[in-house]
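Following: one structure in structure tokens, then a few remarks.
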């Protein structure tokens, strides 16, 4: 297989690791830029897209728009960036002109919005407003789905993602990039409220996600974290079919959130194995690990 310089659409780092709080549950912190670049070099990843974290519901530490801009300028050959704007920004008015902020960051080089982790219902008027402005500014949005109102983070939706579907239908010009356990659990019809925030095992019986992908050309997928890897590796035969059918709307993502994460290496081995076995074509592989993101970033393929 021809070696491909990959692009990671889902990157988080801490700007100041010496000041970053340690997660009590794991005893770990986000990687620094230098630590993430070490991982990139092992996986032949040319560039990552840094995603700010601005919602207090999400992590123990925040990572501002200014942080990502400064790091992208410090490592211009390794990082691009998305901006992040909370749907309640400016006036906490669901009719606020969020295009003002989005266009400000777009002029500075932002290629999208995310990761959106605000803990609001996916069709909340504030979220609806942000989606409308993101579409108007031609900025894709990476979203994290949360399964319930408490003890989690991300846009809240029920089994079957009816609220996300409502937004996809209302904003046909919005490019929505889905991510998280409740998003990827919908690849199979055995998803329940009890298992949707985990990593469901077993053969895939086609679920709501592929049906939404077919119906809405503005829905995209981010393969990052354990959730994306599990959705693929639980049923390699179905994964090959899914990746091939939706190859133009799937992005490689890592979402390394702790210095000891291993899912990025497991995903690399899995995708390489699909190509080696002839389950997916080299063209499909290229689109997912580089081509789609290169188009988004305006890079030479």
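Considering each residue of segment 109-122, count those that are within 13 Å of the chain's Cα centre (by Cα) and assigned to a loop (DSSP other than H, G, I, E, B), and give that number.
To start, the set of residues in segment 109-122 that are within 13 Å of the chain's Cα centre (by Cα) comprises 112-117.
Narrowing further to those that are assigned to a loop (DSSP other than H, G, I, E, B): 112, 117.
Adding up the residues that qualify gives 2.
Would it be correct to say that residue 268 is in contact with a helix residue (DSSP H, G or I) (Cβ under 6 Å, 6 or more places away or on another chain), under 30 Å from residue 24 (Cα atoms) and surrounded by fewer than 22 Cβ atoms within 10 Å (Cβ to Cβ)?
yes
Somewhere in segment 189-204, is a residue modelled with pLDDT of 95 or more, part of a helix (DSSP H, G or I), touching a helix residue (DSSP H, G or I) at 6+ places or on another chain (Cβ under 9 Å) and surrounded by fewer than 22 Cβ atoms within 10 Å (Cβ to Cβ)?
No, segment 189-204 contains no residue that is modelled with pLDDT of 95 or more, part of a helix (DSSP H, G or I), touching a helix residue (DSSP H, G or I) at 6+ places or on another chain (Cβ under 9 Å) and surrounded by fewer than 22 Cβ atoms within 10 Å (Cβ to Cβ).
Could you check how many residues of segment 251-262 are in contact (Cβ under 8 Å) with a residue 24 or more places away in the chain and over 15 Å from residue 6 (Cβ atoms)?
The number of residues fulfilling the criteria is 4.
Restricting to segment 209-226, count the residues that are at pLDDT 95 or above and out of contact with any strand residue (DSSP E or B) (no Cβ under 7 Å at 6 or more places or on another chain).
Counting residues in segment 209-226 that are at pLDDT 95 or above and out of contact with any strand residue (DSSP E or B) (no Cβ under 7 Å at 6 or more places or on another chain) gives 7.
Residue check, residue 285 against (1) buried (at least 18 other Cβ atoms within 10 Å of the Cβ); (2) over 15 Å from the mean Cα position of the chain (by Cα); (3) touching a residue at least 40 places away in the same chain (Cβ under 8 Å); (4) not in a helix (DSSP H, G or I), all met but one. Which one?
So residue 285 meets the others, but not (4).
State which residue is surrounded by the fewest Cβ atoms within 10 Å (Cβ to Cβ) when the search covers only segment 166-184 and only residues that are in a helix (DSSP H, G or I) and either modelled with pLDDT under 95 or in contact with a strand residue (DSSP E or B) (Cβ under 9 Å, 6 or more places away or on another chain) (or both).
Among those residues, the one meeting the criterion is 168.
Which one of these is closer than 21 Å to residue 11 by Cβ and surrounded by 19 or more Cβ atoms within 10 Å (Cβ to Cβ): 228, 298?
After applying the criteria, what remains is 228.
With respect to residue 243, is the statement that it is in contact (Cβ under 8 Å) with a residue 12 or more places away in the chain, surrounded by 22 or more Cβ atoms within 10 Å (Cβ to Cβ) and over 18 Å from residue 48 (Cβ atoms) true?
Answer is yes for this residue.
Got a number for residues in segment 89-108 being part of a loop (DSSP other than H, G, I, E, B), buried (at least 16 other Cβ atoms within 10 Å of the Cβ) and at pLDDT 95 or above?
Going through segment 89-108 one residue at a time, the tally reaches 2.
Could you please let me know if residue 279 is over 23 Å from residue 53 (Cα atoms), modelled with pLDDT of 95 or more and either under 15 Å from the mean Cα position of the chain (by Cα) or outside any helix (DSSP H, G or I) (or both)?
Against the criterion (over 23 Å from residue 53 (Cα atoms), modelled with pLDDT of 95 or more and either under 15 Å from the mean Cα position of the chain (by Cα) or outside any helix (DSSP H, G or I) (or both)), residue 279 qualifies.
The values are calculated or read from the model by the stated rules, or taken from the named source; none is laboratory data. What you see is a predicted model; the values in this text were computed from it and never measured. Please note: Cβ atoms are built from the backbone with ideal geometry, for glycine as well, and neighbour counts cover all protein chains shown.
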